[in-house]
1. Would you be able to say whether some residue in region 158-168 is within 12 Å of the ligand (Cβ to nearest atom), closer than 18 Å to GLU255 by Cβ, part of a helix (DSSP H, G or I) and among the polar types (S, T, N, Q)?
2. Within 18 Å of THR44 (Cα to Cα), within 11 Å of the ligand (Cβ to nearest atom) and not aromatic (Phe, Trp, Tyr): is that true of GLY192 in this structure?
3. Any chance region 138-149 includes a residue that's in a loop (DSSP other than H, G, I, E, B), among the aliphatic types (A, V, I, L, M), under 19 Å from MET12 (Cβ atoms) and more than 15 Å from the ligand (Cβ to nearest atom)?
4. If I ask for residues that are of a type in the set (Val, Ile, Thr) and surrounded by 15 or more Cβ atoms within 10 Å (Cβ to Cβ), which ones from region 156-201 would you list?
5. Just the residues that are farther than 17 Å from THR256 by Cα and in a loop (DSSP other than H, G, I, E, B), please, taken from region 187-210.
6. In this structure, does PHE136 turn out to be within 30 Å of ARG253 (Cα to Cα), without any contact (Cβ under 8 Å) to a residue 40 or more places away in the chain and buried (at least 24 other Cβ atoms within 10 Å of the Cβ)?
Amino acid sequence: METVKLSNGTEMPLLGYGVFLVPPQEAERCVSDALKVGYRLIDTAQAYQNEEGVGAAVAKSGISREDIFLVTKVWISNAGEQKAAASIDESLRKLKTDYIDLLLIHQAYGDVFGSWRAMEKAYKDGKVRAIGVSNFQEARFFDFAHYVDIKPMVNQLQCNALVQQRGIETVMTEFGTHLMAWGPLGGQGVDGIVKSEVLSQIGSPYGKSAAQVALRWLTQRGIVAIPKSTHKERMEQNLNVFDFTLTPEEMKRIETMNLHDTGTVNFSDTGFVKYLIETYG
Ligand SMILES: NC(=O)c1ccc[n+]([C@@H]2O[C@H](COP(=O)([O-])OP(=O)(O)OC[C@H]3O[C@@H](n4cnc5c(N)ncnc54)[C@H](OP(=O)(O)O)[C@@H]3O)[C@@H](O)[C@H]2O)c1
């Protein structure tokens with residue numbers, strides 16, 4: 001598996017497996033399948049309520065812990081220094097491990113500076129190998145990254161052929177922050193990418209599907225992608241994207257598909273923020 005190097009030198013696989021909306025009772029089976037197929041990065045979150053299934057699959061896999069890259073995220077209800085610190089220990093327990101490879105703040109709301117202090121401490125204590133954020137859009141990201149001591153090593157954002165996140169690239173580069181793409185196939189129940197005619201046409205001479213072209217396009221740009229599927233054959237398909245290279249013309253053609261540069265979720269919408277805070281804060 002190709003890797004990217006984070007700003008602190010940590011090597012992270014370029015392609016991983018995500019478990020958003022994988023029900024807790026299915027998570028162990030899905031992650032076991034993903035590990036058998038060859039994934040070595042697993043992306044979960046406290047909010048997904050499936051960290052225990054992930055931990056069980058990893059523990060039973062027979063694969064050395066250091067060969068697996070585990071990502072989890074601190075949820076809004078655990079924001080703040082003390083609650084975040086306790087939640088990190090709880091995640092470690094559920095994941096059945098003594099360290100997390102990458103820990104992210106899931107959403108940019110609540111006492112994120114308090115959470116970050118707890119994450120910096122966990123990082124210094126060796127409980128976490130790398131720390132970062134998720135869903136921090138440009139201005140929010142800049143403000144946060146400017147004021148914290150340890151700069152976020154990753155910002156996990158919705159990023160795919162229709163949501164290319166070009167605008168935030170420069171400011172993230174300034175802080176040495178790596179882009180990690182959630183929803184790399186367009187997200188659950190959305191067909192715009194996996195049924196795209198443009199992507200299918202581009203993939204056809206290589207014998208690749210639209211989904212594979214979408215993942216190749218991200219990874220060829222050095223963006224870490226974490227597609228989710230509960231089906232083993234799709235897990236295999238999604239991982240099989242390193243034996244072909246898109247030409248500069250094909251890369252440029254995909255660039256023209258960009259529809260919503262910063263994403264389809266409006267994180268500045270007060271109604272959305274209110275909903276998150278009232279439901280989980
Ligand atoms: N930080 C955040 O706020 C955030 C938000 C969303 C997601 N994420 C992370 O990013 C991961 C991926 O995002 P996502 O799960 O939203 O969406 P996604 O990976 O872009 O797309 C998943 C959808 O595509 C289908 N699919 C997978 N492979 C396919 C293929 N080869 N051909 C056709 N359809 C295919 C899946 O269906 P089947 O399962 O039926 O195969 C599922 O409906 C998540 O699992 C999670 O780890 C993070």
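The values are calculated or read from the model by the stated rules, or taken from the named source; none is laboratory data. Just so it is clear, the structure is predicted and the values come from calculations on it, not from any experiment. Reconstructed Cβ throughout: ideal geometry from the backbone, glycine too, with neighbour counts over all protein chains shown.
1. Filtering region 158-168 for residues within 12 Å of the ligand (Cβ to nearest atom) gives 158-163.
With closer than 18 Å to GLU255 by Cβ added as a condition, the list becomes 158-163.
Add one more test, that the residue is part of a helix (DSSP H, G or I), and what stays is none.
Looking through region 158-168, none of the residues is within 12 Å of the ligand (Cβ to nearest atom), closer than 18 Å to GLU255 by Cβ, part of a helix (DSSP H, G or I) and among the polar types (S, T, N, Q).
2. no
3. The initial filter retains those residues of region 138-149 that are in a loop (DSSP other than H, G, I, E, B), namely 148-149.
Going one step further and asking which of them are among the aliphatic types (A, V, I, L, M), we end up with 148.
The next check asks that each one be under 19 Å from MET12 (Cβ atoms); those that pass are none.
The answer is no, given that none of the residues of region 138-149 is in a loop (DSSP other than H, G, I, E, B), among the aliphatic types (A, V, I, L, M), under 19 Å from MET12 (Cβ atoms) and more than 15 Å from the ligand (Cβ to nearest atom).
4. Pass one, region 156-201, residues of a type in the set (Val, Ile, Thr): 163, 168, 170-171, 173, 177, 190, 193-194, 198.
Result: VAL163, ILE168, VAL171, THR177, ILE193, VAL194, VAL198.
5. Going through region 187-210, the residues farther than 17 Å from THR256 by Cα turn out to be 187-191, 204-209.
Scanning region 187-210 gives GLY187, GLN188, GLY189, VAL190, ASP191, GLY207, LYS208, SER209.
6. Numbers: within 30 Å of ARG253 (Cα to Cα): yes; without any contact (Cβ under 8 Å) to a residue 40 or more places away in the chain: yes; buried (at least 24 other Cβ atoms within 10 Å of the Cβ): yes.
So PHE136 fits the description; yes.
Conditions tested, residue by residue: (1) at pLDDT 95 or above; (2) farther than 18 Å from GLY132 by Cβ; (3) under 15 Å from the mean Cα position of the chain (by Cα).
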{"position": "ALA56", "(1), (2), (3)": "yes, yes, no"}
{"position": "LYS73", "(1), (2), (3)": "yes, no, yes"}
{"position": "ALA79", "(1), (2), (3)": "yes, no, no"}
{"position": "ALA85", "(1), (2), (3)": "yes, no, no"}
{"position": "ASP89", "(1), (2), (3)": "yes, yes, no"}
{"position": "LYS96", "(1), (2), (3)": "yes, yes, no"}
{"position": "ASP101", "(1), (2), (3)": "yes, no, yes"}
{"position": "PHE113", "(1), (2), (3)": "yes, no, no"}
{"position": "ARG117", "(1), (2), (3)": "yes, no, no"}
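Yes/no matrix, rows are residues, columns are (1) part of a helix (DSSP H, G or I); (2) within 18 Å of ARG253 (Cα to Cα):
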position	(1), (2)
GLN212	yes, yes
LEU215	yes, yes
LYS228	no, no
GLU233	yes, no
